[in-house]
Structures are given as C-alpha cells and as structure tokens.
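Let me begin by presenting the structure, written as structure tokens, before commenting on it.
Since every read-out is calculated from the coordinates, none of them should be taken as a lab result. Note that the structure is a prediction, hence the values are computed from the model and not measured. Using ideal geometry, Cβ is built from the backbone for each residue, glycine included, and neighbour counts are taken over all protein chains shown.
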Amino acid sequence: MLTIDGSYGEGGGQIVRTAVALSVLTKTPIKIMNIRAKRPVPGLRPQHHTTVTCIQSMCGGTTSGLTVGSSSLEFTPGEIKPGSYTFDIGTAGSITLVFQACILSALKTTKPITLTLKGGTDVRWAPSWDYFANIFLPLLDKMGVHTEVQLKQRGYYPTGGGEAQLTIHPSPTLQPFSVIEPPSVQEIHGLIHIANLPDHISTRMKHAVMKIAVTHNLTASIRVEPSVSSSPGTGITLWSSSPETILGAAALGDKQVTAEQVGIQAIHQLLQELQHETTIDRYALDQLLPYLALAPAPSGCLIREISSHAQTTMWLLKQFFKKSFTITTQPDNLKLSIH
C-alpha cells in the first residue's frame, strides 16, 4: 500500500482527488494521511467525500475513513464499471473538480460512463463551468480523451443547486501534448454567466473586457448567458483558440468587486498568458499534468510560471510513476518537458 502525505506542499484537496484517481489507473491501494492539514477546516469536505464515493462506485473499490472531516483515508481500487451514475454533493462544492477526478480515474474505460452531479458549477477555488467546458475538455480532446458535457443548471455559493452531466468515452490511445511554439492569436472568445442579478452588470463587465482587448489589437466575441439559480451569481470566462492549443482565464463576481473589475481581472489574466507566449495557461497546467505524465511519448509546453499547486501535483505523480519534469528558463517564459 502506497502511503501519501496529504499535507505535502499546498496540501489541498487536489492531493486526495488526484491520488484516488491514480490509484484506480495504476491499481495501487493507497493510504492518505494528514488530509488538508494546513487548511482552516482540515480533513475531507463534502466535495472530496463525493469525489471518492463517485470513483469508488465506478470501480467497485473499498474505503476506510471515508467520512466528512476525516484526516486519513484508505482506498483499494477495483475495475472500472461503465454505466450511469448520479450523485449530489449536497453543498455548493465544485462539480467541475469532481468531474476532473472522475475523468482521470476512468481513463481506461472500455465503454462510456455517464455521470450526473448536483452542486456548485461556478464557485471559488475551482474551475468555472465554462473554463471546464471550453478550455480544459477541448485540451483533453487534443490528447485523445473524448467527453461530452451538458450544463442543466448553474449553481452558486452558498446554496449550490447546480446540475451537470458528463459522458466519458473510451480513449484507446493517449496522445502527448507537445506545443513549444507560441500561438498566433488575434481573437478572443468569452462567456458571461449571470443569475438573479440586473442586466447592467453583465453589460458593464463585457464592455470593460472589450475596451481593453481593442487596445491590444484583439477582437473580442463575448456572449452573455442569463439564467435563474437558487443563489445569485455571475462571472466571466475568456479564451483564445489556435489549431495547436487553447489559453483561458476566468473571474468570479463578488459583492465587494465591481462588474468592471471582474472583467478586467479576467482579461488581464489572459493577456499575461499571451504576452508571455505560453502554450498552456497556469490553471490548465495544474489540471493537465497527470495526462502529460501518462502520455506514452514525451510532452512539452511553454508556461508562465509553476504554481505551488503544480509543484505538489508533480510530487504526487512521482509517487506513482518514474517521470521527470524539466523546467528551462527562457526570455519570455518557462519551457516544461515531461519524460
């Protein structure tokens, strides 16, 4: 049994989600100690409990210590079982984080798996739904991991109430991602989601982004998607596409922040990636690292920085695989090579 220190590095819930998914992929029983020990509320939270429960159901695995608040967990994987599964996080916990762990754990499925989840679709400390659907999943598709998603209802903090469906298709061959030439970008796309709030908020957010984009010779095509939810909420996701890659950025609305500031935050994040001539943005890197490590041939990309989250994920991957991560400093960015 492989023992993993859940307090290593940034010590967040990602260690739990990724470790359990890798346990299924490698058929390695694991024990995770000191779960989220550095967080204000340590131990497993409802979304981590849902993640492990969902993966356990998909593979027929067994667990010990799987309770909300638990600081240690043992997980013994079984074989992935295709079919349909439905789970409710019960809070505004992130649907996208649970989906990401499930995709990784089901990478070797031989038939489609359909998951329906209820919870939060656009919440803090997690990829927005639109980042997940328009940046992360298309990048996975370039690597040979094919999925379909359907958003049924937005869910915001504090009540959640969102719902989405994910279908994971068999992916016989994982392709390496090797893009080490910066993309040429002249247009950006975006989506503003807004629920139970005045229309002028999305209008102001959109205009703030477009005003900055034009000063950088970028055409911005931004769609507003109004909806009704159990809690009010808003946010924006921006992305640039090229044949080789997709770069993205997102910002969530806040009562203490103006609509203009939310838009400005998102466009500045994306502009940083473009100005540093990256091929994977800093958030996508955290999420794609397991697939880059699992690819049968070396992968490589240009990045702006290595976050503490990414460093922790690299450490975790080395617990399961003999992989090396080489970082080379260049004039405008960093080159990451995975062998």
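In the chain, Cα pairs under 8 Å separated by at least six residues give a relative contact order of 14 percent. With Cα atoms defining each centre, the stretch 205-268 and the stretch 270-288 are spaced 16 Å apart in the structure.
The label-point distance for Lys255 and Ser308, in a model that sets each label 7 Å from Cα toward Cβ, rounds to 2.8 nm.
Quick one: Cα centre-to-centre distance for the stretch 161-183 and the stretch 58-112, in angstrom? Using only Cα atoms to place each centre, the spacing works out to 18 Å. For Gln153, the residues whose modelled amide H falls within less than 5 Å of its own, excluding neighbours fewer than 5 places apart on the same chain, are Glu163. Expressed as a whole number of Å, what is the distance separating the alpha-carbon centroids of the stretch 129-152 and the stretch 317-332? Here the two parts' Cα centres lie 25 Å apart. Which of the three applies to the chain, rounded, prolate or oblate, going by the alpha-carbon gyration tensor with a ≥ b ≥ c and a/c under 1.5 meaning rounded? Judged from the Cα gyration tensor, the chain comes out oblate (a/c at least 1.5, b/c at or above a/b).
With the simple model of a label 7 Å out from the Cα in the direction of the Cβ, Gln150 to Lys108 spans 3.0 nm.
For the residue pairs Lys38/Lys335; Lys108/Lys142; Lys31/Lys118; Lys118/Lys206; Lys81/Lys108; Lys27/Lys142, the alpha carbons lie more than 19 Å apart in Lys38/Lys335; Lys31/Lys118; Lys118/Lys206; Lys27/Lys142.
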